[in-house]
Structure formats: structure tokens, C-alpha cells
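Written below as C-alpha cells is the structure these notes are about.
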Amino acid sequence: MNTSESNIKENIVSKTTIPITIISGFLGSGKTTLLNHILNNQKGIKTAVLVNEFGEIGIDNELIIKTEEEMIELTNGCICCSINGELVEAIEKLINVNKKIDYIIIETTGLADPLPVAMTLLGSELRDQTRLDSIITLIDAENFSNVVLESSIGRSQIIYGDILLLNKCDLVTNENIEETITKLKEIKNDVRILKSIKGNIPLNLLLSVGLFETDLINQKDSGHEHEHEHEHEHEHEHEHEHVHSDEDNRIEDFLSVSFQTKEPFSLRKFQYFLDNQLKSNVFRAKGILWFSESERRHVFHLAGKRISIEDSEWGEERNNQLVFIGKELDKEKILSQLNACIDK
């Protein structure tokens, strides 16, 4: 254990309450990548991770050793679990089941305001057992744009971030980075801004930093009105027997469309979809891809204009699973186009 790791451990164990870090950030900013960095590099700290949906954890396969209900034990001694119900209940369960937890990390979705999460923790009976250490907000240096600035959620993520982690700095020029920092400081001028590539940053700058200021948040909240309208359209559509669309989820003007099939795609057809049919109003997409031309499992990510597909071994039943998030999405058209990608 090096000096910085030792300091983190000493800061944690010297206090009786368990520190909690909230990881926030807009769509595709690299929250899961940062989470993997923390889990792969923390030493001697038993960490619990809570995420909004287990299917979005994205933790490297080799870290997972045992699954039990919604809770997963990782090879490095950490615990992962999904927030299927109330946040406070999930944390209480974690603490009661795992008495030796040193640290808790909460990863929110890209369309979540971190303030209600923070206020839930501060206003619950967990105050005697936990303390909110900081809110880390990731910023995509390549795709930071007016879409984020015009969204009340995107601005809230910046306003309530104790640390703004400017990620993907290798994909832009120094001039672009400085322009983004200027825009961020126009929204919040008293924030700590760190730069990173793939979330790679010393953990002593992220964990047990004691940056969260309850009084400051309460002061800001008193002059900030939060109105969140969530519309849930519970529709299940089936195109032929092999395509299933989950219910739409709407937050503000953003819409998510899900697609799943147990039949493989044609690589050529899916490439045509990406090159000619995928619209610019899709800001984030991710999924697991199965191509008839390949024996490998392919992990697909789209953030802004950047697309990446990485391959790995299949560890479960083969299928295609995709989620698209954007504004004014034509759900029926997207599902039809993806259905046409199936190798028939």
C-alpha cells in the first residue's frame, strides 16, 4: 500500500461513520469507467457500490465472483448492488449484511440530479452511521455542449458537484479544455476541477476528501426550486417473436428506447444503421452486440459523435441488448431499423 492509499485508509477508519461518495455526470461522461478505476485500484478498503440499475453497472466480468439476488460480491472484496427500491433501505441492507464496509459509492444515471440523493442521505436515520464525503461530477471534455448547459439536470450536476472531473481530455485540444473550464466556472466558480483520461486519477484526490458542505448545499437549495416531471409510458411492443421493447422512460425532454433480440445481427446491416440511419439526436447509446459473423461478445458505446465497440468472451446466453437515449426520438423507426439488422 503506497502513501496515498494509506492516507485514504487512515482518514476512513479514524472516524466512526462510513463515508459516501456520489458519482454524477451527464450521459456518456465516463461514470462507469471511473467506477472501474476506483474498484481496480483501491487497496485495503472494503467498498460497497450502489447503482440505479444492475444492468448498467458495467463492471469488468473478471471482477464478479458471486451473484446473490441483487447483490454481487467482487474478487477484490467489494460489494455491488442495484437500487431497486428506496435508497435508504438499500444502504441499510448493505451495512447490516456487510458489517466491515469501509466506503460506499453511489453511481447515479446520466439523467439524475445528485441533490435529491444527497438530501435523502442527510435527512435520514443514516446520519448516525454515514457521512456524505463529496459529489463527483464527470464532464465529457469532448461532448460538453449546449445540450448539457440547456438541461436543468446537466446544470444541477455541475452546481452541486464538489469535484468536477473533466474526463476524456486526450480527445480534445488544450484550447478546448480551457474553453470548457471557463464555461464551468461561469456556472460555479468555487469548484475543484480535475482533468483525467479514462477516469484515471489518484484516488486520494477523489475518496475521503471531506469536501461536501451541508450548509452550502442547504443555502443553495433554498434559492433553487426543483421540479422533476417523470412520465412513464408502460407499453410493451413485440415485432415478430424475437424483438422486445421495454417501456419508455422520459426525464425532461429525454427519452430512452430499449431493444432486445435473441437472434444475431448482420454486421453489414448494423454498420449501415450506424452510418446512415442513426440520428444526431441520439446522445448516448450502449449495449451488448451479437453478430452472426463473429464468435465474440461485443460491447457497444456511443457518446456524442464517438462510437466504440470492444470485444470480449461470452459469459452468458447470447443476445443483442441496446439502449438509446436522446431527444425527440422516433421510437417506432429505431425499433424497425434495428429489427432490419437481424441476420435473416
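For Lys100, the lysines whose Cα comes closer than 22 Å to its Cα, not counting residues fewer than 8 places off in the same chain, are Lys9, Lys15, Lys43, Lys46, Lys66.
Applying both filters, DSSP loop and at most 14 other Cβ atoms within 10 Å, to the trypsin sites (Lys or Arg not before Pro) of the range 130-201 gives Lys198. Dimensions of the range 281-322 along the principal axes, based on C-alpha atoms and rounded to the nearest Å, stand at 31, 17, 14, largest first.
The per residue volume of the convex hull around the alpha-carbon atoms of the range 91-141 is 99 Å³. Spin-label pair Ile95-Lys279: with each label point 7 Å from Cα along the Cα-Cβ axis, the two points sit 4.7 nm from one another.
Can you give the extra length, in nm with one decimal, that the chain gains between Arg306 and Gln271 once fully stretched, where that is 0.36 nm per residue apart less the Cα-Cα distance?
Working: separation 35, 0.36 × 35 = 12.60 nm, distance 1.43 nm.
Stretched fully, the Arg306-Gln271 segment lengthens by 11.2 nm.
Listed by chain and number, the lysines placed with their C-alpha closer than 24 angstrom to that of Lys185 are Lys31, Lys168, Lys195, Lys198, Lys220; residues fewer than eight positions away on the same chain are left out. Per-residue Cβ neighbour counts within 10 Å put Ile22, Ile79, Ile197 in the sequence Ile197, Ile79, Ile22, beginning with the fewest.
Each value in this text was obtained by applying a stated rule to the coordinates, not by laboratory testing. Since the model is a prediction, treat every value here as computed from it, not as a measurement. Counting neighbours? That spans all protein chains shown, and the Cβs are built from the backbone with ideal geometry, glycine included.
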